[in-house]
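A short worksheet on the structure shown next.
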Amino acid sequence: MKQLLPGIWQWSWFSTEKQIDFNGLFLNVGEHRIVVDPPPMTAEASTVIRRQGALDYIIVTNRDHVREALAYQDEFRCQLQVPEVDAPQMDVKPSKTFKDGELLPGGIWVIHLNAQKSPGESALYIQQGKGVLIVGDALIGKPAGSLNLLAPEKYDDVVKARDGLRRLLKYNFDSILVGDGTNILFGAKQAVEHALQA
């Protein structure tokens, strides 16, 4: 478990199938303690989270990032929030669903992204420091230091998917925290611009 930014920690689980790190985030923002897209948790990660106090929420960015959310919802006795559009396609019963433009606990804004792999794909935006963007499958951090879309076959229309991601550029952010791969903590907006030029 490593601290990335003030109030933001990450732990990772390496997927041998995908050959990439699946990342989970722990946010201690405002009065809330939140986990995002949790892969299997190390004992260290669980201890760090417990030391911060009761976990309030688990937020899942898309239907394919439920990962270990159900187990941790039960373990930590917290609420589970998922994208409204993806909820019917998920094998979970969320405490609440969210949609575009909604302000979630901790001052986290929801940015719905059109034409992605899953219809409810949502980025999370935190106006902290120079701005922090959290993405699930919208962009992956591979190779390290750059961002890329998923393989073209994951989309109905890769051109529309790329256009849907341009919405991210309307926000001010310097860090992007990815669900898969390696984060970019500085200069992330330029990395997003570069990824969308292809």
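Computed from the coordinates by the stated procedures, all read-outs in this text should not be read as laboratory data. On a predicted model such as this, the values are computed, not experimentally measured, just so you know. Here the Cβ is made from the backbone with ideal geometry for all residues, glycine too, and neighbour counts use every protein chain on show.
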Q.
Considering only residues that are surrounded by 13 or more Cβ atoms within 10 Å (Cβ to Cβ), of a type outside the set (A, V, I, L, M) and under 19 Å from Ser95 (Cβ atoms), which ones fall in the stretch 44-62?
A. Asp56, Tyr57, Thr61, Asn62
Q: For the stretch 129-166, enumerate the residues that are within 16 Å of the chain's Cα centre (by Cα) and part of a loop (DSSP other than H, G, I, E, B).
A: Gly131, Gly136, Asp137, Ala138, Leu139, Lys142, Leu147, Leu149, Leu150
Q | Near pairs, Cβ below 6 angstrom, 6+ apart or cross-chain, from the stretch 162-185 (farther than 30 Å from Pro40 by Cβ) to any residue that is hydroxyl-bearing (Ser, Thr, Tyr) | A | Tyr171/Tyr125
Q.
Looking at Val29, Val36, Val66, Val92, can you tell me which residue is over 26 Å from Gln127 (Cβ atoms), within 16 Å of the chain's Cα centre (by Cα) and β-branched (Val, Ile, Thr)?
A. Val66
Q. Looking at (1) in contact (Cβ under 8 Å) with a residue 40 or more places away in the chain; (2) in contact with a strand residue (DSSP E or B) (Cβ under 6 Å, 6 or more places away or on another chain); (3) closer than 26 Å to Ile58 by Cβ, can you tell me which one Asn148 breaks?
A. (3)
Q. For the stretch 28-78, which residues satisfy the criterion of being in contact with a His (Cβ under 8 Å, 6 or more places away or on another chain) and either in a helix (DSSP H, G or I) or touching a residue at least 60 places away in the same chain (Cβ under 8 Å) (or both)?
A. Asp37
